[in-house]
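Inspection log for the structure reproduced underneath, given as structure tokens.
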Amino acid sequence: MEMFKKWSVRIFGVLAIFLVVNLSAGAGVEVEAAAKKTEIIVSAAASLQDSLDKMALLYEKKHPDIDLVFNYAASGTLQKQIEQGAPADLFFSAGDKQMNALVDAGLISDHKVLLKNQLVLVVPSNSKASLNTITQLTDKSFKKVAVGQPESVPAGQYAQQSLSAKKVWDTLQNKLVFAKDVRQVLSYVETGNVDAGFVYKTDALTSKKTKIALTVGPHVHKAINYPAGIVKDSKNQKEAKEFYNYLQSKEASDIFASYGFLLP
């Protein structure tokens, strides 16, 4: 009986070691597989966040070797980052100006306008304000109006163009609250820190705390185009090109359309 017990202990010991070794090997394989994922950095305008986040789930499921990493900010901020050498594989701008600057600097290769958008004026959902024109923002009932910083936020540039066309940009200076991107403008309106704000229609559609008071006519500002392009210094040209092509696919177009974007 003693002999049997000794052999049992030895057998179980060997089995335990075998199990540990195999589990370790298995974990090593998983770590190695995860390490082999190619990280694609997409510097994208803040207004694209909802649609791209949804798209990423579908794309990564079909391409388990790809890890999409998004850097969301104002297009002008992203432009400056790329000019200063920040890592990026793709740039998806909310304006032609920022993309053209990088193309002219020789920092972007393939590029194309993929989407269009509309500029709207939003107010808190419980607001009783009724607007027929943006010149009404000069009324006393509007104490604070949020816009993106025109220097770096395309939506802010379009708002400035629109208000200047209606000759009220200078008049409204004391009322204007500047934000780092359209999502911050939307947040200011949602929290009631301002009475109104200029955002894209796609941003307005994501919020239950605001409502569209007015759609700004396209004749008072430049066309709102969303060009995407591949960064020349990308170390993952093949993978970046594949995602760039996917952004032009029917599946991607349907997702963009579901968030209110217009196709060119």
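Ligands, DNA and RNA are left out, and with a 1.4 angstrom probe the accessible area of the chain is 53 Å² per residue. With the cut-off at 1.5 for a/c, could you classify segment 109-227 from its C-alpha gyration tensor as rounded, prolate or oblate? Prolate shape, in that a/c is at least 1.5 and a/b is the bigger ratio.
May I ask for the net charge around Lys222, where only other residues with Cβ less than 13 Å from the Cβ of Lys222 are counted and Lys, Arg are +1 while Asp, Glu are -1? Neighbour charge sum, excluding Lys222 itself: +1.
For a modelled paramagnetic label at Glu39, 7 Å from Cα along Cα-to-Cβ, the residues of segment 87-131 in reach, with backbone nitrogen under 15 Å, are 87-90. Report relative contact order for segment 130-177 in percent, whole number only (criteria: Cα-Cα under 8 Å, sequence separation at least 6). It rounds to 43 percent for segment 130-177.
Solvent exposure of Val123, expressed as accessible area, is near 0 Å², computed with a probe of 1.4 Å over the protein chains only.
Based on DSSP H assignment, which helices of the chain show an axial Cα extent of at least 27 Å together with a mean Kyte-Doolittle hydropathy greater than or equal to 1.0? Taking the DSSP H segments of the chain (at least 27 Å long, mean hydropathy at least 1.0), we get 2-35.
Please report the antiparallel percentage of the DSSP beta bridges confined to the chain, to the nearest 5.
Percentage antiparallel, nearest 5: 55.
Can you tell me which aspartates and glutamates have their Cα less than 18 Å from the Cα of Lys144? Leave out same-chain residues fewer than eight positions away. Cross-link targets: Asp170, Asp181, Glu190, Asp195.
Tell me the net charge near Lys144. Cut-off is 9 Å between Cβ atoms, Lys144 excluded, with +1 for each Lys or Arg and -1 for each Asp or Glu.
+1
From the Cα gyration tensor of the chain, with a ≥ b ≥ c the square roots of its eigenvalues, which class applies: rounded if a/c is under 1.5, or else prolate if a/b is larger than b/c, or else oblate? Cα axes put the chain in the prolate bin.
Summing charges over all other residues whose Cβ lies under 14 Å from the Cβ of Asn132, with Lys and Arg as +1 and Asp and Glu as -1, gives 0.
The values are calculated or read from the model by the stated rules, or taken from the named source; none is laboratory data. Predicted model, so just to flag it, every value in this text is computed and none were measured. Reconstructed Cβ throughout: ideal geometry from the backbone, glycine too, with neighbour counts over all protein chains shown. Just so you know, the surface numbers come from the protein's heavy atoms only, side chains and all, with ligands and any DNA or RNA stripped out. Shrake-Rupley method; radii C 1.70, N 1.55, O 1.52, S 1.80 Å.
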